Amino acid sequence: MLEVILIRHGETDANRSLRFQGHADIPLNATGLLQSDRLARAFRNNGILERVAASYSSDLQRAVQTAQTSLQQTPHAAPVLQSALREQSFGVLEGLTFDEARASYPNDVESWMQFNADYALPSGESTRQFHDRVLGALNDIALAHRNTPENSCVLVFSHGGVVDMAWRHLTGQPLSGPRTCEIPNVGLNHMRWDGRRFHLQDWADARHVADLPEQPRYDQRKLRGRN
């Protein structure tokens, strides 16, 4: 079966300050670039590079930088950029911290915190719209490489929300409700494609950056309890 490895981008300053990023085009910070270097080492040490049939990336620069940095010492072509692999659009909240968003858009934030799959922030997209976009892109990628040699893999560089949508799909979790899985920066998330559907193989492997500064944690389950 074809292996698809889904990778969240490296750290940005917006990650560090827990700001809504969405479609905002924010570059990696120094830690994110170091994480991407470690990702390149993990690719080499784990025997991934020689199995890569193709690579894809969100067209937002934090994902593109992660892909380019981690693949710069390989003979593979540059990753194919796809806007369908972007993070969920958070509309008017992009660029704001949670507290800033709640102060400026209290009613919208209260509605968003219900985590209803069909609710979309002003100028944003709902979780259901986002899920359909992401799964459509991942399925198209897998189908495009269904005839690749046995033991090949495809790398997909993207965002935390994209990883969450894949996790929910693989584990049968509902689209409504807060995020439940850990999504570390530059974590490796392994899926297998059997020609019809994806299967979970391994998830959130971030051992290659375990000795770097602790990553900021974004836990949607704790937001409801904040005053």
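The values are calculated or read from the model by the stated rules, or taken from the named source; none is laboratory data. From a predicted model like this one, the values you see are computed outputs, not experimental measurements. Cβ placement follows ideal geometry from the backbone for every residue including glycine, while neighbour counts extend to all protein chains displayed.
Answer yes or no as to whether His208 is assigned to a helix (DSSP H, G or I), more than 30 Å from Pro106 (Cα to Cα) and either touching a residue at least 40 places away in the same chain (Cβ under 8 Å) or aromatic (Phe, Trp, Tyr) (or both). The answer is yes for His208.
Where helices (runs of 4 or more DSSP H) fall entirely within the range 92-202, those with at least 2 residues that are basic (Lys, Arg) are at 127-144. Within the range 13-33, the set of residues being surrounded by fewer than 23 Cβ atoms within 10 Å (Cβ to Cβ), touching a helix residue (DSSP H, G or I) at 6+ places or on another chain (Cβ under 8 Å) and within 19 Å of Ser70 (Cα to Cα) comprises Ile26, Pro27, Asn29, Thr31, Leu33. Once the range 211-227 is narrowed to residues that are part of a loop (DSSP other than H, G, I, E, B) and polar (S, T, N, Q), the residue that is modelled with the highest pLDDT is Gln215.
What do you reckon, is Ala53 surrounded by fewer than 20 Cβ atoms within 10 Å (Cβ to Cβ) and part of a strand (DSSP E or B)?
Working: surrounded by fewer than 20 Cβ atoms within 10 Å (Cβ to Cβ): yes; part of a strand (DSSP E or B): yes.
Yes.
Do the conditions hold for Gln73, that is, is it under 21 Å from Glu214 (Cα atoms), of a type in the set (S, T, N, Q) and either touching a helix residue (DSSP H, G or I) at 6+ places or on another chain (Cβ under 9 Å) or at pLDDT below 95 (or both)? Here the answer is no, as Gln73 does not meet what is asked. With respect to the conditions (1) surrounded by fewer than 17 Cβ atoms within 10 Å (Cβ to Cβ); (2) modelled with pLDDT of 95 or more, Asp164 lacks only one, and its number is (1).
Scanning the range 39-50 for residues that are part of a helix (DSSP H, G or I) and closer than 16 Å to Asn189 by Cα returns Leu39, Ala40, Ala42, Phe43, Leu49. Residues in the range 34-60 that are hydrophobic (A, V, I, L, M, F, W, C) and within 25 Å of Phe90 (Cα to Cα): Leu60 alone. Ala78 passes every criterion in (1) part of a loop (DSSP other than H, G, I, E, B); (2) within 19 Å of Leu188 (Cα to Cα) apart from (2).
Here Asp205 passes the criteria (1) at pLDDT 95 or above; (2) out of contact with any helix residue (DSSP H, G or I) (no Cβ under 8 Å at 6 or more places or on another chain); (3) under 24 Å from Phe90 (Cα atoms) except the one numbered (3).
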